[in-house]
Each structure stands twice: as structure tokens, then as C-alpha cells.
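Here's the structure we're looking at; comments come further down.
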Amino acid sequence: MNINAIQKHYDKLTIKERFALLVAAGARKDDQDRDALLRSAPRKVFSFPNTYGLSDAFEWLAMWHVMNQLGLCASAYYITIVVEDESELTGVKIAGRPFNFEDALDFLFMRIMTNCEAWRAICKEYGIDPEKILEGLPYIEMIELSELTARAAYLDAPLELPELQETVNGYREVIETKRKQWE
């Protein structure tokens, strides 16, 4: 098949056809065809406020934060409800080290709390309400419940979050990287 003959007609593709071909070219790692498809696509010009990049970055980070927290919630639920026998966890490793039932819950609760505190810190840094920006996202009440559960687990001992600053830095890096994509 002569790819050059086909590429001559790329300017006649519908949006759906072009998208399907872009996905197919990406799947077969054909950068040349992908570039030809992108070059031949009709262009649109948009205008947006200078805050758009930061808004997009926070929207993306908020969704990622919620998905990550929901994954941790699901893991905690699995360990506390589904695992009937602690021996089911024998041989399982987290971050490369073996753990027992209590270690697993501690790890998950610490990650939940670290992410919650990092989210609050980054929102404070940018002067926004951390709860308001998450309003309307799915299952937010599950995240709030998991935070309350994690906090209750540490009522007797002070909660230390050794990875907090690293997590805040990661959140900050995501925001700045996404923001700069719009500049």
C-alpha cells in the first residue's frame, strides 16, 4: 500500500476518522504517519484567560488526588473487611518489604493522611479552599470517611508523615508542569 497516496487524502478526513487513525498510528508507533495526520488536520484558534493553565492543572491534580485516595481506600477496605485470615497477607510486600496486617493498615492510613495533608498544603500555598475545589467530584465522601478513619487510628499516638514534603513537592511539580503547557 502506498502511504504517500493515502496521506494526500488526509485533509478530507472527518474528526472521528482522523482520531481513529491517530490512535492506530500511535499503537504501531508510527510517528511519521501520526505527524502527517496532525499536520493535515484543520486548525482552530482559541483565546483563554491567563489563569486557564493553573485552573486546568488544579482540575487535573484534584482528579488524580481523588483517584489515588480512592485506590488507597479500596485497599484499606480490602484488608479490613475482605481479608478474613491475616495469613492471606503472608509473603506480600509493600515498597519492597514484607508486612503484616497492622503494617499494611498503617502504611495505607499513612499514605491517606500524607495525601490529605499534601492536598491541604498545596491548596493553602495557592490560596484556595481544599474542600471547595473537590466538591462535585465522585465519591468525595468516601475520601472524607477514609481520612476520619485514618485519623481515628492515630488518636493515641502522634501521626508522623515522613513523606509529606516529598508529596507536596510532587503536587507542586504537577501543577507547574501542567500550567506551563498552556503558556
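What to note about this one:
- Residue list for region 75-92, restricted to those being at pLDDT 70 or above and open to solvent by 60 Å² or more (accessible area, probe 1.4 Å): Y77, Y78, T80, I81
- Matching residues in region 146-183 - criterion: being of a type in the set (D, E, K, R) and within 30 Å of V45 (Cα to Cα): R172, E173, E176, K178, R179, K180, E183
- When D35 is tested against (1) modelled with pLDDT under 90; (2) open to solvent by 60 Å² or more (accessible area, probe 1.4 Å), only condition (1) is not met.
- Test result for T177, modelled with pLDDT of 95 or more, open to solvent by 60 Å² or more (accessible area, probe 1.4 Å), out of contact with any Gly (no Cβ under 8 Å at 6 or more places or on another chain) and polar (S, T, N, Q): yes
- Residues in region 4-21 that are assigned to a helix (DSSP H, G or I), modelled with pLDDT under 90 and open to solvent by 100 Å² or more (accessible area, probe 1.4 Å): K12 only.
- Across region 39-65, the qualifying residues are those that are more than 11 Å from K178 (Cβ to Cβ), hydrophobic (A, V, I, L, M, F, W, C) and at pLDDT 95 or above, and the one among them that is most open to solvent (accessible area, probe 1.4 Å) is M63.
- Search result, residues across region 143-171 that are under 23 Å from the mean Cα position of the chain (by Cα) and in a loop (DSSP other than H, G, I, E, B): L161, P162, E163
- Here region 117-142 is the region considered, the condition is being part of a helix (DSSP H, G or I) and acidic (D, E), and the residue that is farthest from the chain's Cα centre (by Cα) is E125.
The values are calculated or read from the model by the stated rules, or taken from the named source; none is laboratory data. The structure displayed is predicted, hence computed values, not measured ones. FYI the Cβ positions are ideal-geometry reconstructions off the backbone, even for glycines, and counts take in every protein chain you see. Quick note on the areas: whole protein, heavy atoms, side chains included, nothing else; ligands and nucleic acids left out. Shrake-Rupley method; radii C 1.70, N 1.55, O 1.52, S 1.80 Å.
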